[in-house]
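Enquirer: Okay, handing you the structure first.
The values are calculated or read from the model by the stated rules, or taken from the named source; none is laboratory data. The structure displayed is predicted, hence computed values, not measured ones. Here the Cβ positions follow ideal geometry from the backbone for every residue, glycine too, while neighbour counts run over all protein chains shown.
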Amino acid sequence: MAKKIKRRKHHDIKEDKFVTNALLFYEFIQNHWKKFAVGAVALIVIIIVIVAMTSRSGKINILALKQFDKALALYEDKQLDTAETEFSAVLQEYGSSKYSGLSYLYLGKINIEKSEPDVEMAEMYFNKAKFRVHDILLKETAWLGLAECTRLSEGDDAYYESLKRFVRKFPDSYNVSSIAFKIAEHYFSADEYDKAKEYYSLIVKKFKNSSDFYKSKQQLEYIEQIEQDK
C-alpha cells in the first residue's frame, strides 16, 4: 500500500514562517546588538540636544521680546537716544533672536529721525534689516528707509530713482499705488509728462481700488489734453 502523504495546513506553514523569521531576527540582534545600542544612544542624545536647543531658543526669544518692547516704548515716546541704546542691547544680547531684524529696522529709523540724521549709520542698519526680516512688509520698510537715506545724501532726483526701483522690486505691493502716485506727481510738477503718465497709468490699470485712482485718472486726462493741444 502506498504511504499516505500528510498534507500540511496553510496556517501551519504560516506559523513555521513566523517562527523562522523570529529566529532569524533574534540571531541578527545577537550579532549586531552593539550597533543597535550605539545607534539608540546616539538617537537619544540627538533628541535631548534638539529639545534643549528649542527650549533655549524659546527662552531667548522671550527675553529678547521684553528688551525689544522696552526699546519700542521709548521710541514711541520720542526718546530716540535711549531707545537707540535699548535696541542696540537687543542686538548685543539676543542677536540670534527673531527680534534682531526688527531692531535693525528701528535703529535705521532712529538715525534718520534724529535732529542731526546719521545717514551712513541709518543706511547700514536698513541694509542689515533688509536681509534679517522675513515679513515682506518689513522688507519693504527697509527698502523705503534706504530710499530716504538716498534722498538725504543725494537729493530728490536720486530719491525718486530709488522709489522707481522699489516699484520694480515689489510690483504687487500694497504700497506701490501710493509710491507710484508720488513719483507721478513729482514728474508732473516738473512738466515731465511722459514720465508722469507712465506712473499714473500704472495706478489706473492695476490699482482701481486705490485712493489715488480717480486723481490719477484726472491727471491722465489733463496730460492727454495737453498733448492734443500741442
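Enquirer: Considering each of Val167, Val204 in turn, give the residue that is within 22 Å of the chain's Cα centre (by Cα) and assigned to a helix (DSSP H, G or I).
Expert: Answer to the check: Val167.
Enquirer: On to the next question. Any residue that is under 21 Å from Ser173 (Cβ atoms) and of a type in the set (Val, Ile, Thr) - is there at least one of those in the range 120-138?
Expert: Yes, some residue in the range 120-138 is under 21 Å from Ser173 (Cβ atoms) and of a type in the set (Val, Ile, Thr).
Enquirer: Are there any pairs with C-beta distances below 9 angstrom linking a residue in the range 111-122 that is within 16 Å of Glu86 (Cα to Cα) and in the same structural domain as Phe87 (by TED's automatic domain parsing) to a residue that is assigned to a loop (DSSP other than H, G, I, E, B) and of a type in the set (Asp, Glu), with the two at least 6 apart or on different chains, and if so which?
Expert: Asn111/Asp118
Enquirer: Of all residues being surrounded by fewer than 18 Cβ atoms within 10 Å (Cβ to Cβ) and in contact (Cβ under 8 Å) with a residue 24 or more places away in the chain in the range 175-184, which is farthest from Leu137 (Cα to Cα)? Just the residue, please.
Expert: My answer is Ser178.
Enquirer: Please state which of the following conditions Tyr94 fails to meet, knowing it meets all the rest: (1) among the hydroxyl-bearing types (Ser, Thr, Tyr); (2) closer than 28 Å to Gln219 by Cα; (3) more than 18 Å from the chain's Cα centre (by Cα).
Expert: Tyr94 satisfies all of (1) among the hydroxyl-bearing types (Ser, Thr, Tyr); (2) closer than 28 Å to Gln219 by Cα; (3) more than 18 Å from the chain's Cα centre (by Cα) except (2).
Enquirer: Return yes or no: is Ser216 part of a helix (DSSP H, G or I), over 30 Å from Ser97 (Cα atoms) and not assigned by TED's automatic domain parsing to the domain that holds Ser96?
Expert: Answer is yes for this residue.
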